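Here the structure comes first, spelled out in structure tokens, and everything after it is commentary.
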Amino acid sequence: MTDQPFTPVPVDLHKYIETRLFSDRPHIRGKRIPIALIANRMTANGWTIAETAYDFTLSEAEVLAALLYYEEHQAEIQQQELNEATQFNELKLRYGD
């Protein structure tokens, strides 16, 4: 056996993740649950994969895909969430509650 360096294999998450709808925010395909919401809620509550899947009515595979996608695109997703919050606050100031 030779000592070859480990080469990660890319995973195609398009089966679970979609970005073309919902203001281009990445979300679970067919459910429009934002990836950021899943990752943030799971972290804040200390949930397991199974608890998160149950709470969002998702499969564990969908939750794992969301977490992997979030890990790979974290800076971009955080910027999108910041932009979304800014737009929400501007509309709230303009039109009220």
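The values are calculated or read from the model by the stated rules, or taken from the named source; none is laboratory data. For clarity, every value in this text was computed on a predicted model and none was experimentally measured. No Cβ is skipped: glycine too gets one built from the backbone with ideal geometry, and neighbour counts run over all protein chains shown.
Out of ILE17, ILE38, which single residue is surrounded by 17 or more Cβ atoms within 10 Å (Cβ to Cβ), among the aliphatic types (A, V, I, L, M) and in contact with a Pro (Cβ under 8 Å, 6 or more places away or on another chain)? Let's see the steps before the verdict.
Working: ILE38 fails: in contact with a Pro (Cβ under 8 Å, 6 or more places away or on another chain).
Going through ILE17, ILE38 in turn, just one is surrounded by 17 or more Cβ atoms within 10 Å (Cβ to Cβ), among the aliphatic types (A, V, I, L, M) and in contact with a Pro (Cβ under 8 Å, 6 or more places away or on another chain): ILE17.
Being at pLDDT 95 or above, of a type in the set (A, V, I, L, M, F, W, C) and touching a strand residue (DSSP E or B) at 6+ places or on another chain (Cβ under 7 Å) narrows it down to one residue among ILE49, ILE33, ILE38; which is it?
Criteria check complete, one pass: ILE33.
How do the helices (runs of 4 or more DSSP H) wholly within the chain filter down when requiring 1 or more residues that are of a type in the set (Phe, Trp, Tyr): which remain?
Values: elements: 35-45, 49-56, 60-72, 74-95.
Of the helices (runs of 4 or more DSSP H) lying wholly inside the chain, those with at least 1 residues that are of a type in the set (Phe, Trp, Tyr) span 49-56, 60-72, 74-95.
Can you name the number of the only condition in (1) of a type in the set (Val, Ile, Thr); (2) farther than 22 Å from ARG20 by Cβ; (3) in contact (Cβ under 8 Å) with a residue 24 or more places away in the chain that ILE49 fails?
(3)
If ARG29 passes every condition in (1) in contact (Cβ under 8 Å) with a residue 12 or more places away in the chain; (2) within 21 Å of ALA85 (Cβ to Cβ) but one, which one does it miss?
(2)
Tally the residues that are among the aliphatic types (A, V, I, L, M) and crowded, with 17+ Cβ neighbours inside 10 Å, restricting the search to region 68-93.
The total comes to 1.
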